[in-house]
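Visitor: My questions all concern the structure below.
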Amino acid sequence: MNWLHRFFRFSLLVSCLLPALAAAQPLRQTPTIEHHQLTLELRPDSHQLIATDRLTVRGGASGQELEFSLAPALELERIEDVTRCQDPCESAPQLMFRRERIAGGTALSRVILSQPASGANDRPVLLKFSYRGVIDDPPRDPRHLRFVTPSETSGHIGPEGVYLSSESQWYPDLDDSLATYDVRIVLPEGWSAVTQGTAQSDPAHWIVSTNSEALTVVANRFVVKTRPWKAQSGQAVLLATYLFPDEAALADEYLDASARYLDAYIPLLGPYPFTQFAVVENFFSSGLGMPSFTLLGSGVIKRHYTQPYALGHEIVHSWIGNGVFNRVSRGNWVEGLTTYLSNYYYHELMGDAVQAREQRRLMLLGYAVYVRPGEGYPVKEFAQKQDEKDNAIGYQQCAMVFHALRQEMGEEAFWRAVRQIPERYLGAVADWDDLERIFQEVAGRNLRWFFAQWVERAGAPDIELSGLRVQPSRSMAGAQGGTEAVVHLAQRGVPYRVSIELEFVLSEGRTHRTRVQLTEAQQDVIVPVPERPLAVRMDPGVHLFRRIARSEMAPMLNLYVTDAQRTIVVSRDGSGTPGPFPDIVQRIVAQEAAKSALSRTTVVTAADDWSAARAGSWLVLGGPRDNPAAAAVVQQCRDHFRLTDNGFFVDGKSYAGAGMALLVSCRREDHPGSVVTLLYGVTPQALGRVARLLFFYGWQSYVVFQDGAVVARGDWEDMMSAEVPSETR
């Protein structure tokens with residue numbers, strides 16, 4: 001036997017022995033909590049929580065230190081090893097522990113103890129924590145987003161309500177644990193509690209039978225309404241509302257909407273992961289999705305929060321985010337896919353092509369407005385929303401990445417892959433690499449290039465259509481026959497590999513569409529056309545995620561908000577007079593001061609030589625009688641609108657009366673990337689509610705209000721899909 005044969009025999013022997021050798025070594029898994037059996041008493045009048053948690057821990061080795069999180073405000077009375085003890089256990093050994101600060105922290109927030117020997121050899125250990133304390137951190141007003149985020153309260157138990165989220169650290173936990181829960185809650189008479197999972201015959205007893213990364217408990221004086229419901233698939237789900245008495249009449253509206261969205265998404269995503277879904281009213285402003293319920297502030301509930309981007313979004317989270325989890329340290333794909341399915345795809349599913357296109361357009365605008373060139377980051381690095389830039393990348397850009405993936409894979413394969421995400425990872429963590437593996441397997445081909453380009457690369461394609469010429473087409477033999485269009489497309493920066501639709505404008509209003517592939521920085525694409533085209537448009541359906549220049553967008557308030565230099569022009573009396581305008585000015589200045597030490601906004605009065613401050617975008621408050629600068633806006637807007645004695649004329653329609661108000665923006669002729677915006681009310685009373693919500697109306701060129709309600713809106717000068725004429729036209 002020569003040396004080569006001996007080598008192969010030795011290699012084969014080693015490969016056979018390695019699994020056995022590995023099996024003989026003790027497994028040192030990371031310790032994790034598998035189950036919590038919680039009993040808690042909540043005393044709202046004194047802000048107190050009294051609790052025991054009998055938890056099952058698996059993994060690690062005897063003597064290994066376990067580091068539990070627990071709120072520093074909670075006094076840990078004792079920890080007992082109840083592994084070998086029947087409940088109730090009267091003589092369980094107590095364990096020594098210590099409390100330490102986490103790195104950079106100032107309060108004791110870690111509980112350290114050694115794992116008991118009873119949990120050796122991968123046997124679970126049962127630990128009983130007994131603790132109590134005060135949780136009293138009233139939620140603060142949101143700084144810049146619409147809702148209070150979990151970081152703006154560490155939990156609250158009080159007469160106005162109870163909110164205990166995982167951020168509150170109100171129960172002991174080990175990092176990255178995915179656990180089930182059995183929860184019993186004691187409350188004052190007249191109070192009801194809601195948490196995840198399934199309420200038992202005793203409404204104070206809840207069981208969470210699927211793995212969850214956290215547990216949230218809320219409680220209040222609710223009016224509870226339930227509705228047994230069966231999906232078209234046959235799955236039974238209990239629908240419920242937990243509303244305050246003043247809003248209890250809205251229960252059926254929310255139950256109907258919940259059923260509507262569940263019926264839409266169960267065929268796409270598979271069986272609903274829980275036994276019930278509840279809409280729960282909250283005592284502070286919130287829009288939060290939890291496994292099996294959503295928590296909405298009273299102001300939100302009153303506004304009939306049943307739209308696809310609202311309640312529909314929270315229901316999709318039942319599968320994506322609350323059924324399948326993500327670790328933000330590995331990238332947050334959850335919000336992008338949820339946004340795609342709810343904010344966008346629901347309109348397509350319902351056959352509303354106009355609104356579906358509008359949602360795609362708004363996603364491109366959101367990115368272009370809030371993510372300046374060179375200031376973006378890869379979708380894979382998005383963790384959570386802190387500001388509008390994060391929203392544009394993690395929600396809107398990421399949603400359009402899934403739209404691009406759908407176009408790349410095709411309908412059947414894409415939706416089969418989406419459905420496999422909860423099929424494979426329900427109750428577990430999935431990251432971008434897991435998604436790439438699923439989509440690649442279903443597609444049956446390598447998609448590494450796609451994820452490298454769209455998920456791991458910062459920025460977006462920046463494409464310009466700059467030329468169209470027409471030539472006769474020639475056959476292989478050189479004979480002429482038919483017509484060809486030669487379209488020149490250029491990509492700024494490193495080119496993307498993209499598919500883009502071109503629409504050729506033909507005679508008598510007819511069009512011809514075709515799809516072309518781009519891979520080069522400069523590329524001429526040759527397209528056979530049925531006749532000589534008059535012009536060509538790029539991406540008329542707005543299906544390609546790309547960067548839109550500010551000069552290509554319709555003028556709107558959000559171009560003022562994000563301009564590098566801004567001027568507010570107030571009336572001759574300044575911003576200190578009573579009325580809605582001073583509040584707007586103070587809010588803008590305060591928000592800017594909170595975000596940055598560098599001021600971008602200049603506030604001037606019409607009595608000053610305000611023309612010297614005209615660079616950038618202007619926001620003019622008031623009409624010509626109070627603010628001469630309003631006349632300059634009318635001049636810039638030319639034929640788009642005009643003011644009348646008791647109203648205004650806009651987009652071909654007249655509006656008049658004491659309750660009428662107008663928010664209108666026009667492009668600056670000398671600075672196409674900047675705008676002039678006018679906020680005008682026929683009377684000060686017409687502007688009250690409009691002024692408070694002004695910056696929620698930032699995406700249209702004009703918005704018309706009557707008594708504070710929107711009655712008309714629209715855009716002009718949208719150059720996103722502008723025509724490029726033929727050179728031979």
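Visitor: At most 16 other Cβ atoms within 10 Å and a DSSP loop assignment: could you name the GluC sites (Glu not before Pro) in region 37-138 that fit?
Guide: Qualifying residues, ordered by number: 90.
Visitor: In whole Å, what is the distance between the alpha-carbon centres of region 617-661 and region 452-475?
Guide: Taking the Cα centre of each part, region 617-661 and region 452-475 sit 41 Å apart.
Visitor: What accessible area, in Å² to the nearest ten, does a 1.4 Å probe give for residue 655?
Guide: That residue has around 30 Å² of solvent-accessible surface.
Visitor: Let me ask something else about it. Place a +1 charge on the Cβ of each Lys and Arg in region 306-373 and a -1 charge on the Cβ of each Asp and Glu, then give the dipole magnitude about the Cα centre in debye, rounded to the nearest 20.
Guide: Dipole size: approximately 320 debye.
Visitor: If you average the alpha carbon positions of region 299-330 and of region 173-219, how far apart do those two centres end up, in angstrom?
Guide: Region 299-330 and region 173-219 have Cα centres separated by 19 Å.
Visitor: With a ≥ b ≥ c taken as the square roots of the eigenvalues of the C-alpha gyration tensor of region 335-467, please select rounded if a/c is under 1.5 and otherwise prolate if a/b is larger than b/c or oblate if it is not?
Guide: rounded
Visitor: Ignoring ligands, DNA and RNA, how do 389, 653 rank by accessible area with a 1.4 Å probe, largest first?
Guide: 653, 389
Visitor: Need one word for region 139-273: rounded, prolate or oblate. Basis is the Cα gyration tensor (sqrt eigenvalues a ≥ b ≥ c); a/c below 1.5 gives rounded, then a/b vs b/c decides.
Guide: Rounded, since a/c falls under 1.5.
Visitor: Please report, in debye to the nearest 20, how large the charge dipole of region 297-447 is about its Cα centre when each Lys and Arg carries +1 at its beta carbon and each Asp and Glu carries -1 there.
Guide: My answer is approximately 200 debye.
Visitor: Another question, if that's okay. In the set (i) 36.2, 112; (ii) 30.5, 108; (iii) 27.0, 91, which value of Rg and Dmax of the Cα atoms in Å was calculated from the structure you see?
Guide: (ii)
Visitor: How large is the dipole of the chain about the Cα centre if only Lys and Arg carry +1 and Asp and Glu carry -1, each at its Cβ, rounded to the nearest 20 debye?
Guide: 1280 debye
Visitor: When the solvent-accessible surface of protein heavy atoms is calculated with a 1.4 angstrom probe, in what order do 238, 435, 465 fall, highest first?
Guide: Correct descending sequence by accessible area is 238, 465, 435.
Visitor: Now, a different point. Accessible area of residue 45, 1.4 Å probe, to the nearest 10 Å²?
Guide: The value for residue 45 is about 130 Å².
Visitor: Also, I was wondering about something else. Return a whole-number percent for the relative contact order of region 255-330, with Cα pairs under 8 Å and 6 or more residues apart as the contact set.
Guide: With pairs under 8 Å counted, the relative contact order is 29 percent.
Visitor: When only Cα pairs under 8 Å and 6 or more residues apart are kept, what is the percent relative contact order across region 253-407?
Guide: It rounds to 19 percent for region 253-407.
Visitor: Counting DSSP beta bridges with both partners in region 175-311, what percentage is antiparallel, nearest 5?
Guide: 70 percent
Visitor: Order the following by accessible area, largest value first: 123, 303. Probe radius 1.4 Å; ligands, DNA and RNA are ignored.
Guide: Sorted by accessible area, descending: 303, 123.
Visitor: Okay, moving on. Considering only 133, 647, 430, whose Cα is most displaced toward the positive end of the charge dipole of the chain, charges sitting on Cβ of Lys, Arg (+1) and Asp, Glu (-1)?
Guide: Of the listed residues, the answer is 430.
Visitor: Find which of 86, 59, 69 sits farthest along the positive direction of the dipole of region 51-94, computed with +1 on the beta-carbon of Lys and Arg, -1 on that of Asp and Glu, about the Cα centre.
Guide: About the Cα centre, the residue reaching furthest to the positive side is 59.
Visitor: Next question. Please state the relative contact order of the chain as a whole percent: Cα pairs under 8 Å, 6+ residues apart?
Guide: Reported as a whole number, the value is 8 percent.
Visitor: What is the set of long-range amide H partners of residue 35 at a cut-off below 5 Å, with H atoms built 1.01 Å from backbone N?
Guide: Residues meeting the amide H criterion: 56, 180.
Visitor: Sticking with this structure for a sec: Ignoring everything except DSSP H segments at least 4 long, calculate the 222 nm mean residue ellipticity for the chain; use -39,500 (n - 2.57) per segment, divide by total residues, nearest 500.
Guide: The helix-only estimate for the chain comes to -6500 deg cm²/dmol at 222 nm.
Visitor: Keeping all protein chains in the complex and leaving out DNA, RNA and ligands, what accessible area do you get for residue 162 with a 1.4 Å probe, in Å² to the nearest 10?
Guide: Approximately 0 Å² of residue 162 is accessible to the 1.4 Å probe.
Visitor: May I ask what percent, to the nearest 5, of DSSP beta bridges between residues of the chain are antiparallel?
Guide: That works out to approximately 80 percent antiparallel.
The values are calculated or read from the model by the stated rules, or taken from the named source; none is laboratory data. Note that the structure is predicted; figures quoted are calculated from it, not measured. Positions of Cβ are generated from backbone atoms using ideal geometry, with glycine treated the same way; all protein chains shown enter the neighbour counts. The accessibility values were calculated without ligands, DNA or RNA, using every heavy atom of the protein model including side chains. Shrake-Rupley method; radii C 1.70, N 1.55, O 1.52, S 1.80 Å.
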